[in-house]
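Nothing in this text is a laboratory measurement; each read-out follows from the coordinates by a stated rule. Because the structure is a prediction, the values reported are computed rather than measured. Positions of Cβ are backbone-derived with ideal geometry, glycine not excepted, and every protein chain shown enters the neighbour counts.
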Amino acid sequence: MVGWSATAALAAYAQRRPGIPTVGWLVGALGITAGLSVGVVGAMFEFGELTFRLFHIGISLIGPLYIAWGALEYGVRSPRGRFTSRLFLSAFTIVPLVVLSVDRLSGQFAKAFPALGDHYDLVPRSLVNVVQVVVAIFLVSALVAVLRKPRGTRRVQLGVIGLLALAAVLSVAVGRLGLGAVGPLLMLGAVAALWGAAAMAVRPRRDELDEDEYDDYDDYDEDFEEDDLPEEPVRRKRRNADPYDEAYDGPPVRRAPAAKLRGVITIYTLGEGQEAGFDRIADEVVEEVARREPDTLLFACHTVPRAPLQRIVYAIYRDDLAKEEHEQQPHVIEFVRRSSAHVAATNVIELSLSGAAASDGLAALLMPH
């Protein structure tokens, strides 16, 4: 019951902020929790061929493999790296799944949690060993990718990767060793670590960011109470600025961005009667983005005339770093938290802009100042 409750909470996080990493973690949690449920049945009535196979498909294959793949999707930004990981994921899901489902079993079953090697022969054991090597490669690749990111943005991500690694290791340990009565506790620990990682990834904590990444509230309006904001905005130095302009407070020099622009389209489906509440907090976050995020080039919320319960938010960022910093801004985190009460479903489409043309006044037209 505890395992399924944590999995349901993880499913709620995945619905609130859908993405490939959260889908991978949810599949991993389902694998571990389903294996634990089968283990409970086996411990009560004695394991058999079916319960033994399902138990190890969940905790020795699906659980750790999809947890680690979700970690790689979370930490690695390279499209080539992600594409390669998906090829490995497909190969090391289908083949081991078939072998674990049909390969011959040997030995006598009991009520204790059985280790993988107690009843499987050489071929399935070898395949699972290879899968667990792939799990380690995924986790190490995710860790290296996060360590290469700027110091101010990687602390939360390192915590997420650490919890995911703990969940995968606990699941692998139970699958390889059984561990008797300790096995169920370790599996619950794996689900709890996975849930904690997802919660940390969906809602980063302010205290994980460096203190020197924040500005004062000096530029807030005098009638704006400091207590109205949960946190301070992240400071971002102006890019490609001319030294002369920095010294004399002149206008920045326009230069072409070094990296491709990034775009995100978010489609919100609102609950009945929630339009006014969502529009109010959407207007607030649009104003804050316009005021505090120079590298968010466009951020606009649209209504859909023929679908009154839909809202479309379209954003353009200078590059990947600008997108990441936008997602960590306090006003954006607060918008995600408050809007969840008004939103029934969310669909996110990420874009890599290869080219664009617009008049100079477009951003000023769509974003308030």
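For the range 2-206, a Kirkwood radius taken over Cα pairs fed into Stokes-Einstein (20 °C, viscosity 1.002 mPa s) yields D = 126 µm²/s. When the Cα centres of the range 157-193 and the range 49-108 are compared, how far apart do they sit, in Å? Using only Cα atoms to place each centre, the spacing works out to 16 Å. The H on the amide N of G263, modeled in the peptide plane, is under 5 Å from the matching H of Y317, L351, S352, L353, each at least 5 residues off or on a different chain. The stretch between S352 and I20, if pulled fully straight at 0.36 nm per residue, gains 117.9 nm over its current Cα-Cα span. As an exercise, use a Förster radius of 25 Å and the Cβ-Cβ distance of D319 and A341 to find the FRET efficiency, rounded to the nearest 0.05. According to the calculation, E is roughly 0.20. Can you give the net charge of the other residues whose Cβ lies under 11 Å from the Cβ of A115, counting K and R as +1 and D and E as -1? Taking every Cβ under 11 Å from that of A115, the sum is +1. Diagonalising the gyration tensor over the Cα atoms of the range 26-139 and scaling each eigenvalue by 5 before taking the square root yields semi-axes of 28, 15, 9 Å, largest first.
Couplings 3J(HN,Hα) of the range 335-350, computed from phi: 4, 4, 5, 6, 6, 4, 6, 9, 9, 8, 7, 9, 10, 10, 10, 9 Hz, in residue order, whole Hz [Karplus 6.51 cos²θ - 1.76 cosθ + 1.60, θ = phi - 60°; x for Gly and Pro]. As a calculated quantity, the FRET efficiency between V130 and L185 at R0 = 41 Å, using C-beta atoms, amounts to about 0.90.
Mind running the shape call on the range 1-92? Use the C-alpha gyration tensor, a ≥ b ≥ c as the square roots of the eigenvalues: rounded below 1.5 for a/c, prolate if a/b tops b/c, oblate otherwise. Oblate. Under the shape rule built on the C-alpha gyration tensor, where the axes satisfy a ≥ b ≥ c, the range 128-194 is oblate, since a/c reaches at least 1.5 while a/b does not exceed b/c.
Among 40-52, 324-336, the peptide with the highest mean count of other Cβ atoms within 10 Å heads the list, and the full ranking is 324-336, 40-52. Simple spin-label estimate for A307 and E284 gives 2.6 nm between the two label positions (7 Å along the Cα-to-Cβ direction from each Cα).
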